[in-house]
Amino acid sequence: MKPWRVWSAVLILCIAQVVSTVDRGMLALMVDPVRRDLAIGEVDIALLQGFAFAVFYVSVGLPLGYVADRVNRRRLLFGGILVWSAGTIACGLAQDFTQMFLARLVIGVGEAVLGPCAVGMIGEMFAPDRRGRPMALYVLGSMVAYGLGSMATGAVLQAGAAGGFAGWPGIADLAPWRIAFVLMGLAGLPVALLLLSIAQTRREKDAQPLNLPFAAMAARRGVLLPLYGAVALFAMGAAAASGWGAALLGRAYHYAPADVGKQLGAAQMVCSLIGAGLAAIVVDRVTRAGGTVAKLRMSALLALLTIPACMGFVSQSGAGALAITATVMATSAIYGTTMLSILAEAVPVEARGLAVALYAFVMTMIGGSLGPLAVATLTERVFADPARVGWSMALVGGVALSLSALLAVMTARAQEKLDAC
């Protein structure tokens with residue numbers, strides 16, 4: 001494939017990642033309006049933020065990762081985008097907790113399909129020591145999405161409150177947070193059409209044994225088990241900052257929802273760009289210098305460097321808390337690039353879709369689900385004060401990220417032993 005076609009394909013996958021992540025993360029910026037309209041509590045919001053995705057991964061996500069190793073990835077991803085876009089629109093029309101939960105579950109198809117397809121395609125387009133930049137660009141999509149999503153959501157909330165959508169068919173009478181979901185769902189449709197310009201990189205052979213992906217991963221279980229544990233705990237700690245950062249700013253520092261969206265979004269975008277830029281340079285250099293073992297050790301350091309992002313409540317000002325919270329985007333961008341690069345090397349090509357699906361599963365099951373849920377539970381049932389959400393974020397994030405670093409070190413030692421055999 002010509003270089004321009006390869007990089008245009010990576011860019012399209014990055015855009016798909018942006019839309020997927022925005023759809024998934026919008027709820028964190030509209031916690032209190034959604035709570036009021038749907039008459040639900042803190043724990044209910046936490047379940048909507050994460051557990052709905054986890055349920056989907058348990059039942060469908062891993063099988064889809066297996067399917068991604070054997071079918072036309074472009075077609076699979078095209079269908080996935082249409083489904084998660086429909087789920088996002090349904091969120092904006094939900095009238096109670098059950099409807100919102102089911103809609104959020106449907107959105108989870110994006111995470112389940114996108115990762116295995118995208119990483120598998122990038123892994124085949126680039127050599128191992130040249131995957132850092134394309135992986136960084138792909139991961140940048142999810143990192144920038146938090147900032148873009150925050151800014152776009154804040155703008156929609158502000159415009160909706162001012163009557164800016166009066167006369168728009170179908171949405172004029174909706175609450176501003178509902179309008180944001182509907183518009184973002186519609187934005188997925190042109191992205192799906194862009195996928196049609198990407199050529200399929202490889203087709204699986206029909207004669208390939210059905211159990212080959214499972215056998216390939218089982219042979220590397222000594223490395224993969226602690227690796228996935230480290231990823232899950234990192235996601236749990238990062239979710240404490242990203243999932244509740246906006247709520248912290250609103251409750252402890254009295255930011256209006258629209259202001260949180262704009263200001264936090266801008267800070268997140270800056271941090272995401274910094275993180276992706278560093279990842280594009282550092283990951284390939286670390287690969288050439290020390291291979292997978294060196295990248296595993298770097299991931300341990302990144303976990304520790306993420307802990308301050310969960311400590312925004314220590315700031316004496318809202319601006320300081322905002323800046324501290326936004327740093328999770330920088331470390332997460334480097335961490336995500338590093339881990340996807342490791343998976344592209346740790347498992348053979350016939351198991352990459354399943355490996356990435358499992359990566360997405362533990363990120364969501366532990367991080368996207370238990371992280372926000374643990375913060376909500378501590379805030380509601382231990383501290384019994386919504387304004388003390390910052391204390392909950394610090395406790396959950398500090399413990400989870402420290403354990404993630406420990407498991408990454410253990411994984412590096414296991415990889416060293418495997419390389420020595």
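We did not get these values from a lab; they are worked out from the coordinates using the rules stated. It should be emphasised that the depicted structure is a prediction, and the values quoted were computed from it without experimental measurement. Every residue, glycine among them, receives a Cβ derived from its backbone with ideal geometry; neighbour counts consider all protein chains shown.
Looking at the chain, the pairs of alpha carbons with a distance over 35 Å make up 22% of the total.
Exposure proxy check: PHE234, PHE51 ranked by fewest other beta carbons within 10 Å?
On the way: PHE234 32, PHE51 21.
Final ranking by Cβ density, sparse to dense: PHE51, PHE234.
Neighbours of GLY154 by Cβ distance under 15 Å: Lys/Arg scored +1, Asp/Glu scored -1, total -1.
Counting Lys and Arg as +1 and Asp and Glu as -1 over every other residue whose Cβ lies under 15 Å from the Cβ of TRP84, the net charge comes to 0.
So what is the relative contact order for the range 141-199, in percent, with contacts set as C-alpha pairs under 8 Å and at least six apart? Before the final figure, lay out each step's value.
Details: 22 pairs, mean separation 16.0, N = 59.
Worked out over the range 141-199, it gives 27 percent.
Per residue of the chain, the DSSP helices (runs of n ≥ 4 H) give a summed -39500 (n - 2.57) that works out to -25500 deg cm²/dmol at 222 nm. Taking all C-alpha pairs of the range 269-325, those more than 18 Å from each other amount to 48 percent. Axis angle, to the nearest 10 degrees, between helix 352-362 and the longest C-alpha principal axis of the chain: 40 degrees. Among 379-388, 95-104, 272-281, the peptide with the highest mean count of other Cβ atoms within 10 Å heads the list, and the full ranking is 272-281, 95-104, 379-388. Positive end of the dipole of the chain (Cβ unit charges, origin at the Cα centre): among LEU195, ALA309, ALA230, the Cα lying farthest that way belongs to LEU195.
Charge dipole (Cα centre; +1 on Lys/Arg Cβ, -1 on Asp/Glu Cβ; no other charges) of the range 319-421 amounts to roughly 160 debye. Please work out, to two decimal places, the log10 of the ratio I(q)/I(0) at q = 0.12 Å⁻¹ from a Debye calculation in which every Cα of the range 239-374 carries one identical scatterer. At q = 0.12 Å⁻¹ the computed log10 ratios are -0.54. Simple spin-label estimate for HIS254 and VAL71 gives 5.4 nm between the two label positions (7 Å along the Cα-to-Cβ direction from each Cα).
Here the contact order of the chain, divided by its residue count and restricted to Cα pairs under 8 Å and six or more residues apart, works out to 28 percent.
Using the alpha-carbon atoms, what tilt in degrees (0 to 90, nearest 10) does helix 73-93 show relative to the longest principal axis of the chain? Tilt relative to the chain: about 10 degrees. The slack in the chain from LEU93 to ASP37, taken as 0.36 nm per residue of separation less the alpha-carbon distance, amounts to 19.0 nm. Rounded to the nearest 20, the size of the Cβ-charge dipole of the chain about its Cα centre is 1060 debye, with Lys and Arg at +1 and Asp and Glu at -1.
Please order VAL191, VAL328 by the number of other Cβ within 10 Å, starting at the fewest. Let's see the in-between values first.
Details: VAL191 19, VAL328 31.
By the 10 Å Cβ count, ascending: VAL191, VAL328.
Sorted fewest first by neighbouring Cβ atoms within 10 angstrom, SER332, SER392, SER8 come out as SER8, SER392, SER332.
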